Structures are given as C-alpha cells and as structure tokens.
Amino acid sequence: MSNTSRLANPQDLVPALKDISKALFTATGTGPLPRTTIGLIQLRAGQIVGNTYLTVLHTTNLRRAGDTEERITGVATWRDAPYYTPAERAALALVEAVLQPSTQGERVPDALYAEVAEHYDDEGIAALAVAIGQVNFFVPLALIGKPLPGVSPAEQWNKS
C-alpha cells in the first residue's frame, strides 16, 4: 500500500474546488436535516460505491457527532437493524435508490417518494438530494485520487 494518494491536493489542481466544496458543505450544514441523518446517508453512499476513504471519513464524522457504534455499523444492513427512525430509514432508502441501478424501472418510484414525503417536507427532500449530491460529487476524487483513509486532509494528498 502506498503512503501517498495518487493525486496532489485537488484544491491545488482545481482552485475553484475550494469554493465549490465550501458551498456544498454550507448547503448541507445549514438546512433542515439533522447532521446525523446527513452522516448516515453519506456513510451509506461511501459503502455503496465501495470506497474505504469515504466510509472511514463518514464513520469518523458520525463518531465525532456522538452517534453510537451500533447505528454506525448497522448502516450496511440498515433494513433489518433496529437503530433507525422511520425518517432515517426513508433517507437511507432514498440514497440507495439514487446511487444503485434499478432493474424495475425508475430509481426513485412514486412509492418511495411518498414514503420520503411522509417524513420530510419539500425543503427536507431538496436537502436530502443536495446531501446525496454532495457526497456523490466527491466520489470521483475518492476513486481516482485514492486519498488515504483516516489521514487528515492536509496530509492525504501526494505532494507532487
């Protein structure tokens, strides 16, 4: 295993990325969603795309926010784990629907949208979409740049 990532810091390579990142974090951090809900869906997104860096990052963030080990480890099997509220379950179902191909037509069918709408108003649904989009925005950098799991942002990128 290499002790550096494949890329230099993407914010050095694409300076506008700093402003984009800040805007995305502001959009998710100041909306109506609980921080733990955002963390759960972003952890699930990291698991879905099979990226250790994102999974470790969002696991660490949830721990720092005080979430329990049972809830954090249960995300991978959330459907049969007893740790989540109905609203969190709807959010986890939504992130899976958005990020996984569907063999049965629409990725987000009307029934799923109705389930999500039982727990979130329009502002909340839009915030869920942005939170899913935020983590998904960084997936290519995580897969291509291969930052090191558990290493601070200042130290994770190759110093090329």
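A compact table of results
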{"quantity": "Failed item, numbered, when Gly66 is tested on (1) in contact (Cβ under 8 Å) with a residue 60 or more places away in the chain; (2) at positive phi", "calculated": "(1)"}
{"quantity": "Of residues in the range 42-53 being under 19 Å from Gly66 (Cα atoms) and touching a His at 6+ places or on another chain (Cβ under 6 Å), the one surrounded by the most Cβ atoms within 10 Å (Cβ to Cβ)", "calculated": "Leu43"}
{"quantity": "Qualifying residues in the range 51-108 (those that are among the acidic types (Asp, Glu) and closer than 26 Å to Pro147 by Cβ) - the one nearest to the chain's Cα centre (by Cα)", "calculated": "Glu96"}
{"quantity": "Index of the failed condition, Gly105 passing every other in (1) farther than 16 Å from Ala129 by Cα; (2) assigned to a helix (DSSP H, G or I)", "calculated": "(2)"}
{"quantity": "Residue match in the range 140-150 (condition: outside any loop (DSSP other than H, G, I, E, B) and in contact with a Gly (Cβ under 9 Å, 6 or more places away or on another chain))", "calculated": "yes"}
{"quantity": "Some residue of the range 56-76 being among the basic types (Lys, Arg), within 23 Å of Glu123 (Cα to Cα), modelled with pLDDT of 95 or more and buried (at least 16 other Cβ atoms within 10 Å of the Cβ)", "calculated": "no"}
{"quantity": "Within the range 99-124, tally of residues that are surrounded by fewer than 11 Cβ atoms within 10 Å (Cβ to Cβ) and hydrophobic (A, V, I, L, M, F, W, C)", "calculated": "2"}
{"quantity": "Checking Gly39 against (1) within 22 Å of Gly124 (Cβ to Cβ); (2) open to solvent by 20 Å² or more (accessible area, probe 1.4 Å), the condition it does not meet", "calculated": "(2)"}
{"quantity": "Selected residue [of a type in the set (Gly, Ala, Ser), part of a helix (DSSP H, G or I) and over 21 Å from Thr59 (Cβ atoms)] from Gly133, Gly124", "calculated": "Gly124"}
{"quantity": "Residue match in the range 115-128 (condition: under 19 Å from Arg44 (Cβ atoms), in contact with a Gly (Cβ under 6 Å, 6 or more places away or on another chain) and touching a residue at least 40 places away in the same chain (Cβ under 8 Å))", "calculated": "yes"}
{"quantity": "Residues of the range 6-31 satisfying the condition of being open to solvent by less than 60 Å² (accessible area, probe 1.4 Å), more than 20 Å from Gln42 (Cβ to Cβ) and part of a loop (DSSP other than H, G, I, E, B)", "calculated": "Leu7, Ala8, Asn9"}
{"quantity": "Any chance Leu128 is crowded, with 18+ Cβ neighbours inside 10 Å and over 30 Å from Asp12 (Cβ atoms)", "calculated": "yes"}
{"quantity": "Every residue from the range 32-60 that is touching a residue at least 12 places away in the same chain (Cβ under 8 Å), under 23 Å from Gln156 (Cα atoms) and not in a helix (DSSP H, G or I)", "calculated": "Val49, Asn51"}
{"quantity": "Residue within the range 120-135 that is out of contact with any His (no Cβ under 7 Å at 6 or more places or on another chain) and more than 21 Å from Leu24 (Cβ to Cβ) present", "calculated": "yes"}
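The values are calculated or read from the model by the stated rules, or taken from the named source; none is laboratory data. Note that this is a predicted model, so its numbers are computed, not measured. Because the Cβ atoms are built from the backbone with ideal geometry, glycine has one as well, and the counts that use them run over all protein chains shown. The area values use the complete protein model at the heavy-atom level, side chains included, leaving out ligands, DNA and RNA. Shrake-Rupley method; radii C 1.70, N 1.55, O 1.52, S 1.80 Å.
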